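Structure record follows, encoded as structure tokens.
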Amino acid sequence: MLDQAERYLRLHGRLLDRLRFEALFKGGSRQRVLDVLRCYQNPSDGGFGHALEPDLRGSGSQPESVEVAFWILDELDAFDSPMVPAACDYLAQVSAPDGGVPFVLPSVEDEVSAPWWRTDDDPPGNLIPTASIAGLLHKHRITHPWLAAATDFCWSRIAELKETSPYEARAVVTFLDLVPDRERAEAEFARLREAILATVTFDLDADGPVHFPLDFASAPLRLPLFTQDVLDAHLDVLESGDKWEANWLIWTPVVEHEWGGHIAVERLKTLRAYGRLRG
């Protein structure tokens, strides 16, 4: 499987994802990954752009691109990188008055991007991507002025939830799984568990832009979201080589390759996290 993934990445993957693969599975240099990731960071504001999130093709910084960068820093255990405080400074600059960062900033209108990246002129904070970013910062015990207000925002918004959507649910799960206040997190999770599960697609044969259990739990969670038999069934599918392609709209040819390489690395990480892949 590693050999097949390596060949796929050679043919299709970005340099960033090829180096991630080498660092995570072949003993390659993690510093080289950081060097390339740094090229996606805008020195003018500390945010990330330049199609790090492949559907945001512009050079300008966007909050979601920070989340993508932070997940890569997480896999490398590299939250001591100077990129982190610079990105947090950026988040503080673009946060809404409610303390969260918007789903996407109005500057996206001046850039080339997928059709779903649109917003009003003055968007409010959103759990996507505020909750995931805050959760990762808590995981790595980062202290920054932005985090306190963002955490309060997340708790407030989560407390208001009765129903949710797949991407929002995934962000909520990340936050509740990683935030330090375990008693509060477990209480909110217990309240929202059925609402979260309502956004999950369990049908192994489902097609289209659906969200499977391993999209919510790409590595084992502290929260009891899925039973082991559910996880095992979906891990069997991944191990067979199925469900490795983007299942959302490919709106311009290049994103098929960029997402393909990213997904390949993510799938390998998931298989290894659950003991299905050595290396």
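Taking Ser113 as the residue in question, decide whether it is farther than 19 Å from Arg182 by Cβ and among the polar types (S, T, N, Q). Full working, then the answer.
Values: farther than 19 Å from Arg182 by Cβ: yes; among the polar types (S, T, N, Q): yes.
Taking the combined requirement at face value, the residue satisfies it.
Do you know which residues across region 227-273 are more than 30 Å from His50 (Cβ to Cβ) and either in contact with a His (Cβ under 9 Å, 6 or more places away or on another chain) or hydrophobic (A, V, I, L, M, F, W, C) (or both)?
Here is the first cut: in region 227-273, the ones more than 30 Å from His50 (Cβ to Cβ) are 227-237, 239-242.
Selection gives Val230, Leu231, Ala233, Leu235, Val237.
The rows are residues; the columns are (1) part of a helix (DSSP H, G or I); (2) at pLDDT 95 or above; (3) among the basic types (Lys, Arg); (4) closer than 14 Å to Gly13 by Cα.
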site: Asp215; (1), (2), (3), (4): yes, yes, no, no
site: Ser218; (1), (2), (3), (4): no, yes, no, no
site: Phe226; (1), (2), (3), (4): no, yes, no, no
site: Leu235; (1), (2), (3), (4): yes, yes, no, no
site: Gly241; (1), (2), (3), (4): no, no, no, no
site: Val254; (1), (2), (3), (4): yes, yes, no, yes
site: His257; (1), (2), (3), (4): yes, yes, no, yes
site: His262; (1), (2), (3), (4): yes, yes, no, yes
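Quick one: Arg193 ticks every box in (1) touching a residue at least 40 places away in the same chain (Cβ under 8 Å); (2) in a helix (DSSP H, G or I); (3) charged (D, E, K, R) except a single one, so which number is it?
(1)
Within region 238-258, take every residue that is hydrophobic (A, V, I, L, M, F, W, C) and over 17 Å from Asp207 (Cα atoms) and give me the one that is surrounded by the most Cβ atoms within 10 Å (Cβ to Cβ). Full working, then the answer.
From region 238-258, those hydrophobic (A, V, I, L, M, F, W, C) are 238, 244, 246, 248-251, 254-255; that's our starting set.
Checking which are over 17 Å from Asp207 (Cα atoms) leaves us with 251, 254-255.
Working: Trp251: 13, Val254: 12, Val255: 20.
So, considering only residues that are hydrophobic (A, V, I, L, M, F, W, C) and over 17 Å from Asp207 (Cα atoms), the one surrounded by the most Cβ atoms within 10 Å (Cβ to Cβ) is Val255.
Out of Leu271, Leu277, I need the residue that is surrounded by 13 or more Cβ atoms within 10 Å (Cβ to Cβ), in contact (Cβ under 8 Å) with a residue 60 or more places away in the chain and not in a loop (DSSP other than H, G, I, E, B). Which one?
Working: Leu277 fails: not in a loop (DSSP other than H, G, I, E, B).
None of the other options fit; the residue is Leu271.
Does Phe79 count as in a loop (DSSP other than H, G, I, E, B) and either farther than 30 Å from Trp155 by Cα or not aliphatic (A, V, I, L, M) (or both)?
Yes, satisfied.
Search region 92-120 for residues that are more than 21 Å from Asp45 (Cα to Cα) and in contact (Cβ under 8 Å) with a residue 40 or more places away in the chain and pair each with any residue that is charged (D, E, K, R) and in a loop (DSSP other than H, G, I, E, B) when their beta-carbon atoms are under 7 Å apart and the residues are at least 6 apart or on different chains.
Ala114/Asp55
Among (1) among the charged types (D, E, K, R); (2) in a helix (DSSP H, G or I); (3) under 22 Å from Asp77 (Cβ atoms), where does Glu168 come up short?
All conditions are met except number (3).
Can you tell me which residue in region 17-63 is surrounded by the most Cβ atoms within 10 Å (Cβ to Cβ), limited to those that are assigned to a helix (DSSP H, G or I) and touching a residue at least 60 places away in the same chain (Cβ under 8 Å)? Walk me through it before giving the result.
Within region 17-63, the first condition is being assigned to a helix (DSSP H, G or I), and the residues that meet it are 17-25, 30-38, 63.
Keeping just the survivors that are touching a residue at least 60 places away in the same chain (Cβ under 8 Å) gives 17-18, 20-21, 24-25, 63.
Values: Asp17: 24, Arg18: 21, Arg20: 29, Phe21: 24, Leu24: 18, Phe25: 19, Pro63: 26.
The residue in question is Arg20.
Give the number of residues within region 206-241 that are in contact with a helix residue (DSSP H, G or I) (Cβ under 9 Å, 6 or more places away or on another chain) and among the acidic types (Asp, Glu).
The qualifying residues number 2.
Could you grab me the full set of residues in region 143-161 that are assigned to a helix (DSSP H, G or I), surrounded by 15 or more Cβ atoms within 10 Å (Cβ to Cβ) and free of Cβ contacts under 8 Å to residues at least 40 places away in the same chain? First the steps, then the outcome.
Just the residues of region 143-161 that are assigned to a helix (DSSP H, G or I), to begin with: 145-160.
Then keep just the ones that are surrounded by 15 or more Cβ atoms within 10 Å (Cβ to Cβ); that gives 146-147, 149-151, 153-155, 157-158.
Thr151, Trp155, Ile158 - these are the residues of region 143-161 that are assigned to a helix (DSSP H, G or I), surrounded by 15 or more Cβ atoms within 10 Å (Cβ to Cβ) and free of Cβ contacts under 8 Å to residues at least 40 places away in the same chain.
The values are calculated or read from the model by the stated rules, or taken from the named source; none is laboratory data. Just so it is clear, the structure is predicted and the values come from calculations on it, not from any experiment. Backbone-built Cβ (ideal geometry, glycine too); neighbour counts: all protein chains shown.
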